[in-house]
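The values are calculated or read from the model by the stated rules, or taken from the named source; none is laboratory data. The structure presented is a predicted model; accordingly, all values stated were derived computationally and were not measured. When we count neighbours, we look across all protein chains shown, and the Cβ atoms used for this are built from the backbone with ideal geometry, even at glycine.
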Amino acid sequence: MNDYQLSPIAFIESPYKQKFAIPRQPRLIPEAKAKCKFVGEFNREEFVRGIEDFSHVWLIFRFHETADKGWSPLVRPPRLGGNDKKGVFATRATFRPNGIGMSAVKLEGVHYENGQLWLELSGIDLLDGTPILDIKPYLPYSDSLPNATAGFADTRPETPLLVEFADKAIAFCEQNQTLYPELQSFIEKVLKQDPRPAYKKTKVGLQEYGMSLFDLNIKWQVIESNVTVLEISKNSEKPA
Ligand code: SAH
């Protein structure tokens, strides 16, 4: 009787193809652009009439990738180095009862073309394919709380990392500007937030990683606090 069934009204098309390296909150990386494509009976202009007057919207969504992986009353927020436990409702963890996420993101545009309604968004922290359950306009007079305090997450996360690009990685960004505008600063900001798992951050010596953004495979390494983007290649191509 108290179980609810929810159906997606839309799905997200995002450059983040895997959970690894997605920022932990929205708007930390303005270059992260996405489309929100409406489906079924919600794919009609009426549903968003007037939304273009708002600069930001709330996305209410399902953590679909982790929803069936369970939850526990205590979680280890990455902010606390993975050591300290907090109650799940005292965190923004993805593993939670009901698996619902919320993000206030920038609304860049509203389009209805060839029978498809979609919103253009930026500053997103959502995985590609995320089901959207609801959308509401962001109301600054009520939603913005400049005097609020936030315990262990009181400030924007900062890292001491310096991000550099190897020559061939820069060349890739320059040659593919039309297809991937702002790619270099996007990658730089993704890496600057240090996506490594907490236990790896204390490791010394060389560490190599790969991540995917769009259909690109990005290889990078960390030596102490220096991150170097070594190589960018299309998933379909083998790196040279
Ligand atoms: N702003 C949201 C999300 C915070 S958690 C909220 O507060 O509810 C942010 C993390 O959610 C990201 O780092 C990413 O790893 C994860 N994530 C994003 N979309 C997801 C999805 N569809 N399923 C599971 N995890 C997702």
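When VAL75 is tested against (1) in contact (Cβ under 8 Å) with a residue 40 or more places away in the chain; (2) surrounded by 19 or more Cβ atoms within 10 Å (Cβ to Cβ); (3) of a type outside the set (Phe, Trp, Tyr); (4) within 15 Å of the ligand (Cβ to nearest atom), exactly one condition is not met: (1).
Among the residues in the stretch 10-27, are any surrounded by 17 or more Cβ atoms within 10 Å (Cβ to Cβ), aromatic (Phe, Trp, Tyr) and either under 14 Å from LEU127 (Cβ atoms) or at pLDDT 95 or above (or both)? Yes, the stretch 10-27 has at least one match. Among the residues of the stretch 105-127, the ones that are surrounded by fewer than 17 Cβ atoms within 10 Å (Cβ to Cβ) and either within 9 Å of the ligand (Cβ to nearest atom) or free of Cβ contacts under 8 Å to residues at least 60 places away in the same chain (or both) come to 4 in all. Go through the stretch 1-37 and report how many residues are more than 12 Å from the ligand (Cβ to nearest atom), in a loop (DSSP other than H, G, I, E, B), among the hydrophobic types (A, V, I, L, M, F, W, C) and out of contact with any helix residue (DSSP H, G or I) (no Cβ under 9 Å at 6 or more places or on another chain). Counting residues in the stretch 1-37 that are more than 12 Å from the ligand (Cβ to nearest atom), in a loop (DSSP other than H, G, I, E, B), among the hydrophobic types (A, V, I, L, M, F, W, C) and out of contact with any helix residue (DSSP H, G or I) (no Cβ under 9 Å at 6 or more places or on another chain) gives 2.
In the set (1) polar (S, T, N, Q); (2) surrounded by 15 or more Cβ atoms within 10 Å (Cβ to Cβ); (3) more than 9 Å from the ligand (Cβ to nearest atom), SER142 fails one condition alone, (2). If you go through the stretch 38-72 and keep only what is among the polar types (S, T, N, Q) and either near the ligand (Cβ under 10 Å from one of its atoms) or surrounded by 15 or more Cβ atoms within 10 Å (Cβ to Cβ) (or both), you end up with ASN43, THR66. Please work out which residue is surrounded by the fewest Cβ atoms within 10 Å (Cβ to Cβ), limiting yourself to the stretch 186-225 and to residues that are among the hydrophobic types (A, V, I, L, M, F, W, C) and assigned to a loop (DSSP other than H, G, I, E, B). That would be VAL204. When LYS189, LYS219, LYS203, LYS234 are checked against the criterion of being free of Cβ contacts under 8 Å to residues at least 12 places away in the same chain and on the phi < 0 side of the Ramachandran plot, a single residue qualifies: LYS203.
Does THR228 meet the test of being over 18 Å from the mean Cα position of the chain (by Cα), at pLDDT 95 or above and assigned to a loop (DSSP other than H, G, I, E, B)? No; evaluated as a whole, the condition is false for this residue. Could you list, in sequence order, all residues of the stretch 70-123 that are among the aromatic types (Phe, Trp, Tyr) and in a strand (DSSP E or B)? TYR112, TRP118 - these are the residues of the stretch 70-123 that are among the aromatic types (Phe, Trp, Tyr) and in a strand (DSSP E or B). Within the stretch 144-161, none of the residues are farther than 30 Å from GLU41 by Cβ, part of a helix (DSSP H, G or I) and of a type in the set (D, E, K, R).
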